[in-house]
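Working notes for the structure below.
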Amino acid sequence: MSAMPTVAEQIHARLTERLQPTSLKVIDESAAHAGHAGASATGQGSHMRVCIASPLFTSLSRVQRHRLVYDALQDFIDQGLHALAIELI
């Protein structure tokens, strides 16, 4: 029996499926926010950083690119993802 994927792994899989990135890094920064508003009790999965490049971003504004990422991850946000930093690369 395998362990459940981490939130970072789930986000990586979702973005890979939806945005076909040419470069993608998902970093869980939750531990650095322990004790802050929105921090999870486990110290994982509440504060994420996504560094992403995708051919789907071509000809889109920065806001439109961010919207694609947010739309792909909306259910994570609905389930308690407190902070999402997006770096377009």
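A short reminder: the numbers here are calculations on the coordinates, not readings from a lab. Bear in mind the structure is a predicted one, so any value in this text is a computation, not a measurement. Cβ: placed from backbone, ideal geometry, glycine included. Neighbour counts: every protein chain shown.
Taking H as built 1.01 Å from N, whose amide H comes closer than 5 Å to the amide H of residue 29, not counting residues under 5 places away?
Here the answer is 47, 48, 49, since their amide H atoms fall under 5 Å of that of residue 29.
Mind ordering 10-21, 67-78, 46-57 by average Cβ neighbours within 10 Å, highest first?
46-57, 10-21, 67-78
Averaging sequence separations of C-alpha pairs under 8 Å and six or more residues apart, then dividing by the length of segment 7-88, give the relative contact order as a whole percent.
Details: 116 pairs, mean separation 27.7, N = 82.
Rounded, it is 34 percent for segment 7-88.
Once amide H atoms are built 1.01 Å from N in the peptide plane, which residues 5 or more positions from residue 86, or in another chain, come under 5 Å H to H?
Long-range HN contacts for residue 86: 50.
Please give the contour-minus-distance gain from residue 60 to residue 3: 0.36 nm per residue of separation, less the Cα-Cα distance, rounded to one decimal in nm. Walk me through the numbers on the way to the answer.
Numbers: separation 57, 0.36 × 57 = 20.52 nm, distance 3.76 nm.
The residue 60-residue 3 span can extend by a further 16.8 nm.
Only bridges with both residues in segment 7-88 count here: give the DSSP antiparallel percent, nearest 5. Show your work: numbers first, answer last.
Values: 6 of 12 bridges.
Restricted to segment 7-88, the bridges split so that about 50 percent are antiparallel.
Could you give the Stokes-Einstein D for segment 7-88 in µm² per second, using the C-alpha Kirkwood radius, 25 °C, 0.890 mPa s?
Values: Rh = 12.9 Å.
It diffuses with D of about 190 µm²/s by this estimate.
Going by amide H atoms built from the backbone, whose H comes under 5 Å of the H on residue 54, apart from near neighbours?
Under 5 Å from the amide H of residue 54: 22.
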